[in-house]
Structures are given as structure tokens and as C-alpha cells.
Amino acid sequence: MDARGNAAVSDGSAVAEPVALDCEMVRVGPEKVRRALARVAMVDQNGEVLLDRWVRPEEPVTDYR
């Protein structure tokens with residue numbers, strides 16, 4: 001952590017602490033009962049996006065709701 005409370009990453013730079021995490025899920029499998037991660041996002045205390053990534057589920061998606 002630096003003096004402002006930010007986390008340090010391996011290259012020594014500082015990254016703001018995340019304050020919100022959002023995960024978007026999809027249904028997988030023939031019965032559409034199992035869920036898998038499809039997207040993940042994090043923002044800091046100022047609403048700045050720290051991470052916004054799509055994730056490819058290992059199984060075929062059967063429902064995008």
C-alpha cells in the first residue's frame with residue numbers, strides 16, 4: 001500500500017482500491033441450471049473502471065439472461 005491507501009502492483013505502480021465488483025453470469029448445460037461467469041468489472045471510489053473483462057465459459061452457453 002502507498003500513503004494514499006492504494007495497492008501496489010508488481011511493477012511498483014499504485015492501483016486504486018476497488019470498492020465495487022460486478023459479475024455477469026450466463027446459464028450453461030442442457031438443463032440451464034448451472035451458471036458460469038461471463039463478465040467481471042471493478043470500479044474505485046471515484047467510479048473509475050479498474051477492470052472490465054469478458055470471460056469465456058468452459059461450457060457452451062445455453063441462456064444469456
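Give region 18-46 a look and list any residue that's free of Cβ contacts under 8 Å to residues at least 12 places away in the same chain and hydrophobic (A, V, I, L, M, F, W, C), or say none. Val33, the sole residue that qualifies. Figure legend. Inter-residue proximity from region 47-65: first residues part of a loop (DSSP other than H, G, I, E, B), second residues of a type in the set (A, V, I, L, M), beta-carbon distance below 6 Å, spacing 6+ or different chains. Indicated pairs: Val55/Leu37; Val55/Ala38; Pro57/Val28; Pro57/Ala36; Glu59/Val28; Tyr64/Val26. Selection of region 35-57 for residues being at pLDDT 95 or above and open to solvent by 100 Å² or more (accessible area, probe 1.4 Å) yields Arg35, Arg53, Trp54, Arg56. The set of residues in region 1-34 that are modelled with pLDDT of 70 or more, over 20 Å from Trp54 (Cβ atoms) and in a strand (DSSP E or B) contains only Val19.
The values are calculated or read from the model by the stated rules, or taken from the named source; none is laboratory data. All values derive from a computational prediction rather than experimental measurement. When we count neighbours, we look across all protein chains shown, and the Cβ atoms used for this are built from the backbone with ideal geometry, even at glycine. Calculation scope for accessible area: heavy atoms of the full protein, side chains included, ligands and nucleic acids excluded. Shrake-Rupley method; radii C 1.70, N 1.55, O 1.52, S 1.80 Å.
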